[in-house]
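Below you'll find the structure, written out as structure tokens, and then a few comments.
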């Protein structure tokens, strides 16, 4: 995406006068639109952040006033009473394990499917890839009963296994293509040196596939972190509230905040859910952009 | 390869394939059978043939409303998102005009790209809650505060059945645009610079450059965007569930198939019926994907 800035010697269009005027109008309009769109993205987020310090009266008053005081107790209430802290940690726990599992199992399957020929290779590959074509809603009801019959309803193990299962199609699809593109020579050299298949995979191929693995890890972390339907369907029943992940917790707070009339707490909770993502995005924005778009660019 | 290939292959495939078959393949397969039963969770369901589908298409207002909404989403979401994203991407990559013959983006391009993409990392469920506050129907809502200050009547973004769906589409567009700006930017940077240069020398205006050079050469990327957004238009569950009044309301004016599946399964325990909706949704998605790939393939430009 690098923009070439080195000056070229050629001069441009035949009628510079006309072109310049046209450029000015378009550039003016374009600039304005860019700025407006940026404002449309930023304003709601800043507004939410400010509202997290407001009292109920201020929130129900004029929306565009600054908070009268820095009410940090909104944040304390959201963290402890509305359990945002706990939901946050739940999400971290689930996504850490499920992404790790997805990457390990997905890379193993993709590697074997990409680099070994054996009977049934293509069948298994297309079995995985076909998963990309099915909407999750088609499976929702039977999935609920599969998980329940295994006794995994309302458990993290069930949710993590389901996350892994539904992340595998894309992970396998992408990584198989990646493993295929790796050179044979290194693998052959390692085999000559007596490396076993397993060692070859973990110590030679995995490090070589690092850039692809990073892209898909980011893709999976964000996808699983933002997942809403699956936890909603699978974490229900007695005591489920303690296990909820962040998206569920936040979605539910909006209902309960209405009952408790704790709007400051709601905005504090929203800010807590949004802010870490913005910070992480600000740090890794280049990797995140390429990770999330990697599927489409392929 | 050397000895022990099969134990290794089986060892590496056993866990992923097992998990995948149990939690993905088996449910998908079961859904097609379940859709033909009247199972409601307690007694074993009876096989009723296509009765569920008959009811679905002749006697279910909510489902028809949901279908219509998917129709609107399918047209509006890709169209609006792609137009905005194309324009923004064009500005960011070529809009700066020619710096002595080379096309550059406008000032601040990098900053804009980072900001535009930001909503992509936020969960739709969280955005739903956020936009409830933005859309609030009185002066305490972020938008209506400005509207009332201008002396106008506040707008019931979510409680007015005629505009509720559009309010939801606006959020989806708001979130999606940045992704496609990045996608189109990548596509535009692949267009050889000398094509622009040649067009400039021929006296092409910016407008004709966009329509004659950028757009045709970006066709493959546009096709990908169209399919992605179209598939997204068949979902929209999370945003409807968290943002709309009464989960699909007011009066069913924002409901989507995903919402109806969830409601029929987990509120009414009509598992067979919900599965039938899932099957209908599957065929809709597949038909859309196949059609759009077919239609757009013919027109791509050879480079």
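The values are calculated or read from the model by the stated rules, or taken from the named source; none is laboratory data. Here the structure is a predicted model, which means the values were calculated and not measured. Reconstructed Cβ throughout: ideal geometry from the backbone, glycine too, with neighbour counts over all protein chains shown.
Computed values, structure above
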| item | result |
| --- | --- |
| Long-range neighbours under 9 Å by Cβ, at least six apart or interchain, first residue without any contact (Cβ under 8 Å) to a residue 60 or more places away in the chain within the range B:225-244, second surrounded by fewer than 23 Cβ atoms within 10 Å (Cβ to Cβ) and outside any helix (DSSP H, G or I) | B:231/A:135; B:235/A:135 |
| Tally, over the range B:113-145, of residues that are within 24 Å of residue A:286 (Cβ to Cβ) and under 19 Å from the mean Cα position of the chain (by Cα) | 11 |
| Qualifying residue in the range A:27-36 (condition: modelled with pLDDT under 80, facing chain B (nearest Cβ under 7 Å) and surrounded by 13 or more Cβ atoms within 10 Å (Cβ to Cβ)) | yes |
| Matching entry among A:184, A:154, A:149 (being over 18 Å from the mean Cα position of the chain (by Cα) and over 27 Å from residue A:228 (Cβ atoms)) | A:184 |
| Options A:224, A:289: the member that is in contact with a helix residue (DSSP H, G or I) (Cβ under 7 Å, 6 or more places away or on another chain), within 8 Å of chain B (Cβ to nearest Cβ) and either surrounded by fewer than 18 Cβ atoms within 10 Å (Cβ to Cβ) or part of a helix (DSSP H, G or I) (or both) | A:289 |
| Residue A:212 more than 12 Å from chain B (Cβ to nearest Cβ), at pLDDT below 90 and buried (at least 22 other Cβ atoms within 10 Å of the Cβ) | no |
| Set B:82, B:19: member being assigned to a helix (DSSP H, G or I), modelled with pLDDT of 90 or more and either within 30 Å of residue B:269 (Cβ to Cβ) or in contact with a strand residue (DSSP E or B) (Cβ under 8 Å, 6 or more places away or on another chain) (or both) | B:19 |
| Index of the failed condition, residue A:245 passing every other in (1) at pLDDT below 85; (2) within 11 Å of chain B (Cβ to nearest Cβ) | (1) |
| Tally, over the range B:239-255, of residues that are more than 9 Å from chain A (Cβ to nearest Cβ) and either closer than 17 Å to residue A:230 by Cβ or part of a helix (DSSP H, G or I) (or both) | 3 |
| Those residues of the range B:191-204 which are facing another protein chain (nearest Cβ under 10 Å), touching a helix residue (DSSP H, G or I) at 6+ places or on another chain (Cβ under 9 Å) and surrounded by fewer than 18 Cβ atoms within 10 Å (Cβ to Cβ), in sequence order | B:203 |
| Count - residues of the range A:227-248 that are crowded, with 20+ Cβ neighbours inside 10 Å and either over 17 Å from residue A:164 (Cβ atoms) or touching a strand residue (DSSP E or B) at 6+ places or on another chain (Cβ under 7 Å) (or both) | 7 |
| Single residue of A:175, A:153, A:161 found to be buried (at least 19 other Cβ atoms within 10 Å of the Cβ) and facing chain B (nearest Cβ under 8 Å) | A:161 |
| Residue B:284 within 11 Å of chain A (Cβ to nearest Cβ), crowded, with 16+ Cβ neighbours inside 10 Å and either out of contact with any helix residue (DSSP H, G or I) (no Cβ under 6 Å at 6 or more places or on another chain) or not in a helix (DSSP H, G or I) (or both) | yes |
| Filter result for residue B:185 (facing chain A (nearest Cβ under 10 Å) and either crowded, with 22+ Cβ neighbours inside 10 Å or within 22 Å of the chain's Cα centre (by Cα) (or both)) | yes |
| Neighbours by Cβ (under 6 Å, 6+ apart or cross-chain): first from the range B:83-104, more than 8 Å from chain A (Cβ to nearest Cβ); second at pLDDT 65 or above and part of a loop (DSSP other than H, G, I, E, B) | B:103/B:94 |
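So that you can scan it fast, the table gives a plain yes or no per residue for (1) surrounded by fewer than 22 Cβ atoms within 10 Å (Cβ to Cβ); (2) closer than 21 Å to residue B:81 by Cβ:
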{"residue": "B:139", "(1), (2)": "yes, no"}
{"residue": "B:148", "(1), (2)": "yes, no"}
{"residue": "B:163", "(1), (2)": "yes, yes"}
{"residue": "B:168", "(1), (2)": "no, yes"}
{"residue": "B:178", "(1), (2)": "no, yes"}
{"residue": "B:181", "(1), (2)": "no, yes"}
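So that you can scan it fast, the table gives a plain yes or no per residue for (1) within 28 Å of the chain's Cα centre (by Cα); (2) within 8 Å of another protein chain (Cβ to nearest Cβ); (3) in a loop (DSSP other than H, G, I, E, B):
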site	(1), (2), (3)
B:12	no, yes, no
B:28	yes, yes, no
B:31	yes, yes, no
B:42	no, no, yes
B:49	no, no, yes
B:64	yes, no, no
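Residue-wise test of (1) over 30 Å from residue B:260 (Cβ atoms); (2) crowded, with 21+ Cβ neighbours inside 10 Å; (3) over 19 Å from the mean Cα position of the chain (by Cα).
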{"residue": "A:109", "(1), (2), (3)": "yes, yes, yes"}
{"residue": "A:119", "(1), (2), (3)": "yes, no, yes"}
{"residue": "A:132", "(1), (2), (3)": "no, no, no"}
{"residue": "A:140", "(1), (2), (3)": "no, yes, yes"}
